[in-house]
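Nothing in this text is a laboratory measurement; each read-out follows from the coordinates by a stated rule. For clarity, every value in this text was computed on a predicted model and none was experimentally measured. Backbone-built Cβ (ideal geometry, glycine too); neighbour counts: all protein chains shown.
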Protein chains: 2
Amino acid sequence: MSLRHALLALLSAQPMTGYDVYRYFDSSLSYVWHAPHTQIYPELRRLEDSGLVRSEEISRGERGRKRRYHISAAGLDEFRRWVNEPLPLQRERDAHKLKAAYFEWAEPAAARRQLQAHIAHYELWAQQWEDLVDALTAREVPLLQRRLEHAPAEQHEAIIRYKVFAYEGMIRRAKAEIDWARIGLDLVAELEGQ
Amino acid sequence: MSLRHALLALLSAQPMTGYDVYRYFDSSLSYVWHAPHTQIYPELRRLEDSGLVRSEEISRGERGRKRRYHISAAGLDEFRRWVNEPLPLQRERDAHKLKAAYFEWAEPAAARRQLQAHIAHYELWAQQWEDLVDALTAREVPLLQRRLEHAPAEQHEAIIRYKVFAYEGMIRRAKAEIDWARIGLDLVAELEGQ
DNA sequence: GTGTTCATGTAAACTGTTACATGATTCC
DNA sequence: GGAATCATGTAACAGTTTACATGAACAC
């Protein structure tokens with residue numbers, strides 16, 4: 001049930017269309033959550049059916065139409081409730097670790113390629129999250145600016161620092177994955193040499 | 001499609017019933033994958049339909065019946081193929097980080113409780129994975145022993161070290177989560193004091 | 001006029017969770 | 001005899017991915 005709360009989180013900053021949400025999820029400035037448009041549009045409709053958002057149809061150009069969603073008071077209550085409530089901690093399910101546990105079945109070259117792809121993937125994301133942390137700290141993120149505009153000044157620091165904190169968690173995880181995969185490359189080389 | 005490969009991985013060590021698989025997934029000695037029995041039994045049937053495993057019905061006691069699955073040559077080929085093939089790297093979707101990004105909406109006590117639960121959760125798992133690494137290194141894990149029995153001696157080191165490597169990845173991630181949550185506790189205290 | 005972006009959907013397939021259900025065996 | 005464990009299933013539901021689809025607006 002996190003998609004609906006990710007949507008409420010975005011809509012708590014400013015009204016948006018489904019396409020806007022999709023762009024935010026998809027942007028290189030990214031996020032800790034994402035979803036394809038095929039999941040976003042129906043979920044926004046369901047949020048409206050539940051009264052957590054309301055929408056207005058607006059026109060673009062001659063015949064173009066789009067639907068903009070606003071969070072409602074009930075939506076704000078629900079979001080606050082969710083933030084306060086503990087999330088169940090799930091057991092890990094990690095296909096990459098599962099596979100690495102059986103690398104003795106792989107060609108060394110195949111294992112190496114997979115570990116290199118792992119490193120490249122997390123280096124890219126670590127960089128993007130670091131850029132986002134910098135942009136948040138400098139208050140250069142448009143959505144953050146909208147959010148600060150309708151929050152009292154004494155809350156601004158908390159708003160920024162919790163977002164930075166969240167992305168620093170992502171960066172730490174990315175670095176742990178990179179360190180792990182580098183050790184894996186050394187291990188493949190060592191075992192190949194035998 | 002990792003569940004079927006997790007099942008093939010287990011069955012490559014020794015024949016098992018669905019219940020055995022469920023116990024392995026569920027044991028405190030744990031795993032990097034898990035599934036409820038309601039997912040395991042149908043998947044084993046599907047693996048049999050695909051020819052990747054074969055099964056025999058065996059009796060237990062007077063009227064009791066159970067079905068034991070053996071991996072087939074086609075199953076070994078499929079597993080080897082999967083280990084060699086790169087896994088698509090997925091974008092992260094982290095509900096805990098999502099929520100932490102909005103902790104300014106939470107009561108400090110609620111945020112603190114959630115971070116403490118996060119730490120307790122990963123400390124527990126880090127301990128279990130560390131115990132498993134020790135047990136693997138000492139060759140005290142029964143399933144590993146079965147695996148080593150029908151592998152040539154020169155492969156034993158690789159078999160053990162790749163498994164240790166996989167669990168060390170889980171331990172690194174757990175430690176990154178613990179460090180992150182501790183920083184969060186400091187941040188909550190700092191912002192609360194303002 | 002053509003390609004890119006904006007904008008929104010349905011439907012099927014797949015994966016995972018939760019609820020409901022049954023019965024045998026084993027240990028005390 | 002009763003509780004815990006062994007053993008296996010169905011069904012409904014929730015969440016996610018992928019395929020298929022459509023059309024307007026805008027920039028070149």
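Some points to look at:
- Diffusion constant of chain B at 25 °C, which comes from Stokes-Einstein with the Kirkwood Cα-pair radius and 0.890 mPa s, µm²/s: 126
- Loop-resident sites, the range B:112-177, for GluC sites (Glu not before Pro), counting at most 12 other Cβ within 10 Å (DSSP): B:E140
- Sequence-distant contacts, meaning Cα pairs under 8 Å at least 6 residues apart, place the relative contact order of chain A at 22 percent.
- Sites A:H37 and B:E56 - FRET efficiency at Förster radius 45 Å, r taken between beta-carbons, to 0.05: 0.40
- Look at B:S55, B:S27 and count the other Cβ atoms within 10 Å of each Cβ; fewest to most, that gives B:S27, B:S55.
- Of B:A135, B:W105, B:L76, farthest towards positive along the dipole that unit charges on Lys, Arg, Asp, Glu beta carbons give the range B:74-151: B:W105
- Rounded, prolate or oblate (a/c below 1.5 giving rounded, otherwise prolate when a/b exceeds b/c) for the range A:3-84 by Cα gyration tensor: oblate
- Averaged over peptide A:64-74, the number of partner chain Cβ atoms lying within 10 Å of each residue's Cβ comes to 0.
- The mean sequence distance of close C-alpha pairs (under 8 Å, at least 6 residues apart), as a share of the length of the range A:1-105, puts its relative contact order at 27 percent.
- Averaged over B:75-83, number of beta-carbon atoms from partner chains that fall within 10 Å: 3
- Using the rule -39500 (n - 2.57) for each DSSP H run of four or more residues, divided by the residues of chain B, the 222 nm mean residue ellipticity is -21500 deg cm²/dmol.
- Here is the tail figure for the range B:109-194: Cα pairs spaced more than 17 Å apart come to 57 percent of all pairs.
- Cα principal axis extents for the range A:36-123, largest first, Å: 58, 42, 21
- Highest-MSF residue in chain A out of A:A120, A:A73, A:A153 [GNM, Cα springs under 10 Å]: A:A153
- Proximal charge balance of B:G51 [Cβ under 13 Å; K/R count +1, D/E count -1]: 0
- Annotation: the protein assembly as shown has a Kirkwood hydrodynamic radius of 23.4 angstrom, from the mean reciprocal C-alpha pair distance.
- Here B:K163 is the anchor, and the lysines within straight C-alpha reach of less than 19 Å, apart from those fewer than 8 places off in the same chain, are A:K97, A:K99, B:K175.
- Förster-model FRET efficiency, 22 Å R0, A:H156 and A:E130, C-beta, rounded to 0.05: 0.50
- Rounded tilt (10° steps) of A:73-84 against the dominant C-alpha axis of chain A: 30
- The mean number of partner chain beta-carbon atoms within 10 angstrom of a residue's beta-carbon across peptide A:170-177 is 5.
- Selection of GluC sites (Glu not before Pro), the range A:5-104, meeting DSSP coil and at most 10 other Cβ within 10 Å: A:E62
- Among A:R45, A:R172, A:R63, residue whose mean-square fluctuation peaks in a GNM of chain A (springs only between Cα atoms under 10 Å): A:R63
- Highest-fluctuation residue, A:G184, A:G61, A:G75 considered, GNM on chain A with Cα pairs under 10 Å: A:G61
- Structural descriptor for the range B:95-192: relative contact order 46 percent, calculated from alpha carbon pairs under 8 angstrom and at least 6 residues apart.
- Distances between copies of A:I58, taken at a point 7 Å out from Cα along the Cα→Cβ vector and listed shortest first: 6.8 nm.
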